[in-house]
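Visitor: One structure, as structure tokens, below. Some questions next.
The values are calculated or read from the model by the stated rules, or taken from the named source; none is laboratory data. Please read these numbers as outputs of a predicted model, since none were measured by experiment. Cβ atoms come from the backbone with ideal geometry, glycine included; neighbour counts cover every protein chain shown. SASA here: full protein model, heavy atoms, side chains in, ligands and nucleic acids out. Shrake-Rupley method; radii C 1.70, N 1.55, O 1.52, S 1.80 Å.
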Amino acid sequence: MSLQKKRNYKLTVILDTRGYEAPVETLETMISETLKELGGEVTGLENIGRHDFVRITEKGHTGDTYLIVAASGDASLPGAFQERVRLDKKIKRVMVQSV
């Protein structure tokens, strides 16, 4: 018998909103729904606004919107989420921390 313990995670998501016309709230909803589909539970979501990048990797793209998402789920949630959004052009980076 295997009991899976729910773990708490803090996800920092950097969005790429260049050319994106809809409000950022639609991306927040998409991220929440994706986590729920993967068996996670979103306990908090905070849009901390637009910040400049420390290291600019693309000329002309100096910063974008950051989201902090608090979620809980099993141990496979971070990897499954990163794999799901890997090819999504609206998400530039995802950093997951276990809290």
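Visitor: What percentage of all Cα-Cα pairs in region 44-99 are separated by more than 18 Å?
Guide: Here the tail beyond 18 Å accounts for 43 percent of pairs.
Visitor: Rounded to the nearest whole Å², what accessible area per residue is found for the chain with the 1.4 Å probe? Can you show the working numbers first?
Guide: Details: 6520 Å² over 99 residues.
For the chain, the solvent-accessible area averages 66 Å² per residue.
Visitor: Looking only at Cα atoms, what is the convex hull volume of the chain per residue, in Å³?
Guide: Dividing the Cα hull volume of the chain by its residue count gives 105 Å³.
Visitor: Output wanted: per-residue J couplings in Hz (rounded whole) for region 4-16, from phi through Karplus 6.51 cos²θ - 1.76 cosθ + 1.60, θ = phi - 60°, x for Gly and Pro.
Guide: 9, 8, 6, 10, 9, 10, 10, 9, 9, 10, 9, 8, 10
Visitor: A further question on this structure: Sort the following peptides by mean Cβ neighbour count (other Cβ atoms within 10 Å, averaged over residues), highest first: 45-57, 71-83, 13-25.
Guide: On the way: 45-57: 10.8, 71-83: 17.1, 13-25: 13.7.
So the order, starting with the most tightly packed, is 71-83, 13-25, 45-57.
Visitor: Let's test the formula: R0 of 22 Å, r as the Cβ-Cβ distance of Val54 and Val96. What FRET efficiency results, to the nearest 0.05?
Guide: In this case the efficiency is close to 0.70.
Visitor: When the helix-only estimate is applied to the chain (DSSP H runs of n ≥ 4, each -39,500 (n - 2.57), divided by the residue count), what is the mean residue ellipticity at 222 nm, nearest 500 deg cm²/dmol?
Guide: About -7000 deg cm²/dmol.
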